[in-house]
Each structure stands twice: as structure tokens, then as C-alpha cells.
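Laboratory data are not the source of any read-out in this text; all were calculated from the coordinates shown. Since we're looking at a predicted model, the values are computed, not measured. FYI the Cβ positions are ideal-geometry reconstructions off the backbone, even for glycines, and counts take in every protein chain you see.
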Amino acid sequence: EAGVVQSPRYKIIEKKQPVAFWCNPISGHNTLYWYRQNLGQGPELLIRYENEEAVDDSQLPKDRFSAERLKGVDSTLKIQPAELGDSAVYLCASSLGGTRKNYGYTFGSGTRLTVV
Amino acid sequence: QKEVEQNSGPLSVPEGAIASLNCTYSDRGSQSFFWYRQYSGKSPELIMFIYSNGDKEDGRFTAQLNKASQYVSLLIRDSQPSDSATYLCAFSSGSARQLTFGSGTQLTVLP
């Protein structure tokens, strides 16, 4: 079974430029998450999708960040324009969802973004 | 107060010793607790989860949960150099199926 696939692995852009990250979750996983992890910190949730619906985007900086999950499978996270403070690792994760208590999810390899 | 508090370390233990990692949380509605391991430059990987008070063992790993005291711990027996990593504690609460992470504890197992 393929894991969560993210691309690109690394991205270096100049500030004010746009950037997009792509995520393909594990097949059958209805729930998809985007997290941001700063150096030396734990991951912080940006947005959670249940199928194609964004059910929690309260931590997403909506002035510059946007996300979509068309058809409830792949997802794209976009930043426009990027700022220096956006430099971080962007992690995508997926889980089966449902009411089970163990919904510890599987992370993708992440995209390391450097804004210069 | 942060929702999840972890000692950032670094924590160093000799090979073969027991490593003890601790985590406290502030949300009494927290239901499930997870431990993730993250190697440098890699993404977090799930080690264990626990949602009932007491101990849960899986190989060399034991998770302990005390909801009354609001802490969860991870014990690693017979620590190996390959256990050297950052260990992240996470919890979920209420109906939200999403995890809140601590900042992690960096563990180094010395050969």
C-alpha cells in the first residue's frame, strides 16, 4: 500500500512569489490534514478535510493561504504571496476517520519550503 | 499555558537503559493520546496510541496514561542508538478527529 505522497520535497522561492504543494492520501482515507512544522516545534494544524469538505480551517491564514480537495482525494495547498515567515515543513496526513478512537494518522514525507 | 507540554530535552540515556518521556496536557476533554517518533529531516511516524487509564505495552515501548493527573508518558526499554529521535506527544479531544502536538522531546541514546 502506498503511503501519503507529497510533492515537491523541497521548494525555494523568493518572497512575494506563489507556491503550491500537492498531496495524495492513502487510498480509502476520507480525512486529510495539512500541518505546518517550524524548526524545533511540533506540527500545527492548518486545515482538515472530511472527504471534499473543509471542516476545520480556523488556523489557516486565509489572507494568503488557500487549499482545496477536489473529488475528496488529492489536495493542494497554496500560498500567495509567500512571506519569509512561511519557511517551514508542510506536512500532509490522512486517516480513515470515523468514530474509532485510534485515528492516529499517517504523514507524508513533507515539503520543506524556504522563502528567501 | 500550552495545550501540551513536553520537556524539550535533550534527554540522553546510555544504550540498554530505560528512556522515560513525559507529556502533560491541559484539556480535560482529551480522549486519545498518541506518541510519534520523528527522525531528523523525516516526517513523524506513529509509535503508539492509548485512551484508557493505565499502561499499554508494545514490544520495548510502554505508554502510560493518567487522566486524573493529566499526563501521559512513554517508556522505552533497552534503549538503542536507533531510538535517537524527537518524540512527539499528541492528543485529540471532543468530536474533533484531529491531533494537537507538543513540541517534542529530543532523545539521544549513547552507545
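With both labels modelled 7 Å from their Cα along Cα-to-Cβ, the B:D27 to A:V5 distance reads 3.3 nm. Normalised by 2.2 N^0.38 Å, where N is the number of residues, the alpha-carbon radius of gyration of the protein assembly as shown equals 1.02.
Applying the Kirkwood pairwise sum to the alpha-carbon positions of segment A:1-79 produces a hydrodynamic radius of 13.4 angstrom. Here r is the Cβ-Cβ distance between B:Y39 and A:T114 and R0 is 22 Å; the resulting FRET efficiency, rounded to 0.05, is 0.60. FRET efficiency for the pair A:E83 and A:N51, taken as 1/(1 + (r/R0)^6) with r the Cβ-Cβ distance and R0 = 25 Å, rounds to 0.20. Our note on the geometry: Cα centres of segment A:36-96 and segment B:36-94, 25 Å apart. With 22 Å as the limit on Cα-Cα distance, the pairs of A:K15/A:K62; A:K15/A:K71; A:K11/A:K71; A:K16/B:K42; A:K11/A:K78; B:K42/B:K67 that go past it are A:K15/A:K71; A:K11/A:K71; A:K16/B:K42; B:K42/B:K67. Multiplying the residue separation of A:I12 and A:T76 by 0.36 nm and removing their Cα-Cα distance gives an extension gain of 21.3 nm.
Taken about its Cα centre, chain A carries a charge dipole of roughly 240 debye when the Cβ of each Lys and Arg holds +1 and the Cβ of each Asp and Glu holds -1.
Given R0 = 25 Å, the distance between the Cβ atoms of B:D55 and B:S12 translates into a calculated FRET efficiency of 0.50.
Taking each residue in B:46-53, count the Cβ atoms of any other chain within 10 Å of its Cβ, then average. What number comes out?
Details: counts 6, 1, 2, 4, 2, 2, 1, 0.
Across B:46-53, the average partner-chain Cβ count within 10 Å equals 2.
For segment B:68-85, the Karplus equation 6.51 cos²θ - 1.76 cosθ + 1.60, evaluated at θ = phi - 60°, returns couplings of 5, 8, 6, 9, 9, 10, 10, 10, 10, 8, 6, 4, 10, x, 5, 7, 5, 5 Hz by residue, with Gly and Pro reported as x. Annotation for A:D63 and B:T108: the two label points, set 7 Å from Cα along the Cα-Cβ direction, are 4.1 nm apart.
The rule of thumb for compact globular proteins, 2.2 N^0.38 Å, goes into the C-alpha radius of gyration of segment B:46-111 1.20 times. Look at the alpha carbon pairs under 8 Å that are at least 6 residues apart: their mean separation over the length of segment A:1-68 gives a relative contact order of 20 percent.
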